[in-house]
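Below: one structure, written as structure tokens.
The values are calculated or read from the model by the stated rules, or taken from the named source; none is laboratory data. A quick note: this is a predicted structure, and the numbers were derived from the prediction, not measured. Here the Cβ is made from the backbone with ideal geometry for all residues, glycine too, and neighbour counts use every protein chain on show. Each accessible area value is taken on the protein alone, full model and side chains, heavy atoms only, with ligands, DNA and RNA left out. Shrake-Rupley method; radii C 1.70, N 1.55, O 1.52, S 1.80 Å.
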Amino acid sequence: MDLCIQTGDELLRVAQIDAEISGFVTLDQLEEFLHIIDGIEISFLDPNIQKMVDCVTKDPSLWPLLIPQSKRNEIISIAVRSIKAVLQDNSNREYLASWLEIRQFLDSLGRVRVAPKFWSQLRQKYPAMSGPAFSPSILTNTLLKTTYTTAGTTTGRLTVTAGPNFLVTPTESRKAIQSSTADSKIVIVDFSSMEPRVVLMAMGIPFDDRDIYQQLMQICDIDNRPAAKLATISALYGASKMRLADTVGSQRAAASLVENVRRFFGVEELEAKLELQFQTGVIRNFFGRPLHEAKQPRLRVNHFAQSTAAELSILLFADLCKKVPVATPLLVIHDALIAEVPTVDLEHFKNECQKISYQGYQFPTKMEVI
């Protein structure tokens with residue numbers, strides 16, 4: 001099928017690809033995808049043209065209307081060659097399918113209604129939150145749009161490029177969000193122990209929908225939850241065993257415990273798999289996203305787990321909202337989703353949240369009405 005770049009009101013065919021992939025992407029989204037694949041930020045538009053586009057329109061797909069035909073054709077020709085070169089690698093082509101779904105869901109997020117007075121207080125308290133300022137004495141509410149990029153970090157954890165940044169503020173900031181009608185509620189859906197679960201899934205190790213740390217405690221003979229959490233952090237991310245040693249009584253006991261937990265998660269096999277990827281090309285997450293900064297062995301499992309969890313969360317949220325189309329997704333905060341749901345549909349939405357799975361693996365969530 002065809003992958004197309006959307007340029008204003010016309011669709012330009014830029015690449016023939018064999019896989020069952022189709023999608024329409026703007027030029028800036030193509031730049032984002034190539035940035036992920038190559039690890040290098042790229043811009044097809046001259047900086048002066050980009051400034052002109054930014055000044056004239058908020059729609060990045062309208063850039064062809066602001067430049068001569070010859071210049072437009074030149075830019076498109078370069079873009080065509082770039083995407084064709086990237087898609088010669090089957091791994092990149094396969095990852096494109098997942099990335100398009102992620103990008104389309106993020107672009108579909110709605111506008112957030114906030115309480116002006118509370119919002120003004122939050123912006124003063126947390127300057128990094130950014131977003132527009134307005135007078136609470138004039139407005140009773142306002143709508144704000146958050147725009148994300150998937151290329152802002154090497155692992156794919158989202159960063160905000162425009163609008164309010166709820167990623168960098170404590171949970172109290174969510175209290176500023178209001179429902180758009182009296183007949184709906186703002187809810188937050190949060191995955192439980194997402195990163196440890198994706199490691200088990202990636203290694204084909206069965207797990208159920210129970211608390212993952214309770215399962216770990218039973219299998220690895222751990223007698224308290226804090227020790228199970230600390231051992232997991234050490235086993236998956238190479239964190240120091242000092243705090244764990246204080247918890248279990250000695251460094252020797254801590255080392256033994258971490259080794260048991262590493263076996264539970266199949267860490268040694270995952271490390272070998274990532275080492276082979278490194279030797280033969282590039283390390284990738286479960287979906288095929290390149291992990292350019294995971295060259296050091298101590299970083300590989302960490303980046304793999306974080307990256308896979310970040311992208312799987314969005315894919316699962318997208319699937320959830322397809323199953324409950326009356327829900328309006330508003331914000332993604334790492335492995336949590338904030339959405340507006342009609343009050344009459346809350347129970348249905350909650351039931352769907354409890355059934356979230358991927359390739360036969362259950363991913364439990366907690367749902368809270370804000």
Filter segment 334-351 down to the residues that are of a type outside the set (D, E, K, R) and open to solvent by less than 40 Å² (accessible area, probe 1.4 Å) and list them by number. 336, 337, 338, 339, 341, 342, 346, 349
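Inside segment 203-273, counting only helices (runs of 4 or more DSSP H) that do not spill past its ends, which hold 2 or more residues that are at negative phi and either under 29 Å from the mean Cα position of the chain (by Cα) or modelled with pLDDT of 90 or more (or both)?
212-220, 225-237, 251-265
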Looking at residue 298 and the list (1) within 19 Å of the chain's Cα centre (by Cα); (2) part of a helix (DSSP H, G or I); (3) touching a residue at least 40 places away in the same chain (Cβ under 8 Å), which single condition is not satisfied? (1)
Would you be able to tell me the number of residues in segment 190-202 that are open to solvent by 30 Å² or more (accessible area, probe 1.4 Å) and outside any loop (DSSP other than H, G, I, E, B)? 2
Suppose we keep only residues that are polar (S, T, N, Q) and under 30 Å from residue 144 (Cβ atoms) within segment 57-110. Which one would you say is surrounded by the fewest Cβ atoms within 10 Å (Cβ to Cβ)? 108
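So which of 232, 280 ends up being under 22 Å from residue 204 (Cα atoms) and hydroxyl-bearing (Ser, Thr, Tyr)?
On the way: 280 fails: under 22 Å from residue 204 (Cα atoms).
It is 232.
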All positions within segment 301-333 that are open to solvent by 10 Å² or more (accessible area, probe 1.4 Å), in contact with a strand residue (DSSP E or B) (Cβ under 8 Å, 6 or more places away or on another chain) and in a helix (DSSP H, G or I): 315, 321
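Where residues in segment 88-145 are closer than 30 Å to residue 358 by Cβ, part of a loop (DSSP other than H, G, I, E, B) and over 22 Å from the mean Cα position of the chain (by Cα), which of them is modelled with the highest pLDDT?
Applying the filter and picking the extreme gives 89.
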List, please: which pairs have Cβ atoms under 8 Å, are six or more places apart or on different chains, and start with a residue in segment 151-170 that is touching a residue at least 12 places away in the same chain (Cβ under 8 Å) and outside any loop (DSSP other than H, G, I, E, B) and end with one that is among the charged types (D, E, K, R) and open to solvent by 30 Å² or more (accessible area, probe 1.4 Å)? 162/145; 166/174
Of the residues 296, 279, 354, which single one is open to solvent by 60 Å² or more (accessible area, probe 1.4 Å), in contact with a strand residue (DSSP E or B) (Cβ under 9 Å, 6 or more places away or on another chain) and not hydroxyl-bearing (Ser, Thr, Tyr)? 354
Contacts under 9 angstrom Cβ, first residue in segment 350-362 being within 14 Å of residue 193 (Cβ to Cβ), partner assigned to a loop (DSSP other than H, G, I, E, B) and open to solvent by 60 Å² or more (accessible area, probe 1.4 Å), 6 or more apart: 361/206; 362/209; 362/355
